[in-house]
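Enquirer: Sharing a structure, written as structure tokens. Questions coming.
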Amino acid sequence: MPDELIAIPARSGKAAFVTRGQTVKVINTHGEQVVDTWAFSRADLTEFMSMEHSRAGIQRLIPAVGDAMLTNRRRPILTLLEDTSGGIHDTLMAACDVYRYQRLGCDGYHDNCTDNLAQAMRNIGLAPPETPSPLNLFMNIPWTADGMLSFEPPVSTPGSYVLLRAEMDLAIAFSACPQDVLPINGIGRTPTEAHFALA
Ligand SMILES: [Zn+2]
């Protein structure tokens, strides 16, 4: 039976409840969309997937197939089971927010991943205790030997995906990043929708 696809609308967020042992397939529908991803323990939202704790656990900057991402209490929360996207993701950059776009020169309100997380969680009756650093799926932040970082277009292709397994009951939240100043959503700087499916 085909997975039921749930849309993460362009420039917006979407959250869902996931039971331990379920899988979440996150699909880069159009190929160049960064998807900020958060996971919170259902039992206690103050326990959540943490990039800094995960990097210490996996000893990599980017999770590889088989790696388990950890919570801020160092418990496995999501394991990467499959990755057809080219394996380039980001664990370093904070979610974008209104201040980020102000610094990039935007006047007035700009959609952002921080507000998208809050709205997505509100839509399933939850309030995130903070905005943890997200697992930025498909986001291409290469580093140089002397430690320089840059914001580059994704290497993923249309329909490519990552498959994650929930290691506890959790709430997962996504934001189709609305970044249209930097080229992280492709050189066209046009944010698009993405999709996910639970199984
Ligand atoms: Zn963003």
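FYI, it's all coordinate maths here, none of it is from the lab. Quick caveat: nothing in here was measured; it's all calculated off a predicted structure. Because the Cβ atoms are built from the backbone with ideal geometry, glycine has one as well, and the counts that use them run over all protein chains shown.
Enquirer: List every residue whose amide H lies under 5 Å from the amide H of MET69, counting only residues 5 or more places away in sequence or on a different chain, with H placed 1.01 Å from N in the peptide plane.
Expert: Correct list: ILE77, LEU78, THR79, LEU80.
Enquirer: I've got another one for you. Can you classify the stretch 1-154 as rounded, prolate or oblate using the Cα gyration tensor, where a ≥ b ≥ c are the square roots of its eigenvalues, rounded means a/c under 1.5, and otherwise it's prolate if a/b beats b/c and oblate if not?
Expert: Rounded shape, in that the Cα axes give a/c under 1.5.
Enquirer: A further question follows. Given the C-alpha centroids of the stretch 87-116 and the stretch 164-199, what is the distance between them in whole angstrom?
Expert: A separation of 13 Å, based on Cα centres.
Enquirer: Determine the calculated [θ] at 222 nm for the chain from helices alone, applying -39500 (n - 2.57) to every DSSP H run no shorter than 4 residues and normalising by the residue count; nearest 500 deg cm²/dmol.
Expert: Helix-only estimate at 222 nm: -3500 deg cm²/dmol.
Enquirer: For the stretch 130-199, what class follows from the C-alpha gyration tensor (a ≥ b ≥ c being the square roots of its eigenvalues): rounded when a/c is under 1.5, otherwise prolate if a/b is larger than b/c, else oblate?
Expert: It is prolate, given that a/c is not under 1.5 and a/b is the larger ratio.
Enquirer: OK, next. From the backbone phi of the stretch 184-190, what are the Karplus-calculated ³J(HN,Hα) couplings (6.51 cos²θ - 1.76 cosθ + 1.60, θ = phi - 60°) in whole Hz, Gly and Pro given as x?
Expert: Karplus values, whole Hz, x for Gly and Pro: 5, 9, x, 5, x, 6, 10.
Enquirer: Rounded, prolate or oblate: which fits the stretch 92-152, taking a ≥ b ≥ c as square roots of the Cα gyration tensor eigenvalues, rounded meaning a/c under 1.5, else prolate when a/b beats b/c?
Expert: oblate
Enquirer: Can I ask one more? Magnitude of the Cβ-charge dipole of the chain, K/R +1 and D/E -1, about the Cα centre, nearest 20 debye?
Expert: Dipole magnitude for the chain comes out near 340 debye.
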